[in-house]
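Asker: Below is a structure I'd like to ask you about.
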Amino acid sequence: MSAPGSPFALPHLEVLESEAVHVFREVAGEFERPVLLFSGGKDSIVMLHLALK
């Protein structure tokens, strides 16, 4: 990770988003047909946004 003053430092939310997308890719790679359950709530909308990235 870059130092906080570095021009390559990512804001905190971008780091979290990047880690979440990485987890999605790893999990999706483990299964033949991964699924994402969607209820329409706030959590599901965030998960959908991350899955689309």
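Asker: How much FRET efficiency would the formula 1/(1 + (r/R0)^6) give for S39 and L10, where r is the Cβ-Cβ distance and R0 is 35 Å, rounded to 0.05?
Answerer: Efficiency for this residue pair is about 0.70.
Asker: Kindly express, to the nearest 10 degrees and within the range 0 to 90, the angle between helix 42-52's C-alpha long axis and the longest C-alpha principal axis of the chain.
Answerer: 80
Asker: Taking Cα atoms of the chain, Rg/Rh with Kirkwood Rh, to two decimals?
Answerer: Using Cα coordinates only, the ratio equals 1.09.
Asker: With every protein chain left in place, what is the accessible area per residue of the chain in square angstrom, probe 1.4 Å?
Answerer: 92
The values are calculated or read from the model by the stated rules, or taken from the named source; none is laboratory data. The structure displayed is predicted, hence computed values, not measured ones. Using ideal geometry, Cβ is built from the backbone for each residue, glycine included, and neighbour counts are taken over all protein chains shown. For the accessible areas, the whole protein counts, side chains as well, though only heavy atoms, and no ligand, DNA or RNA atoms are used. Shrake-Rupley method; radii C 1.70, N 1.55, O 1.52, S 1.80 Å.
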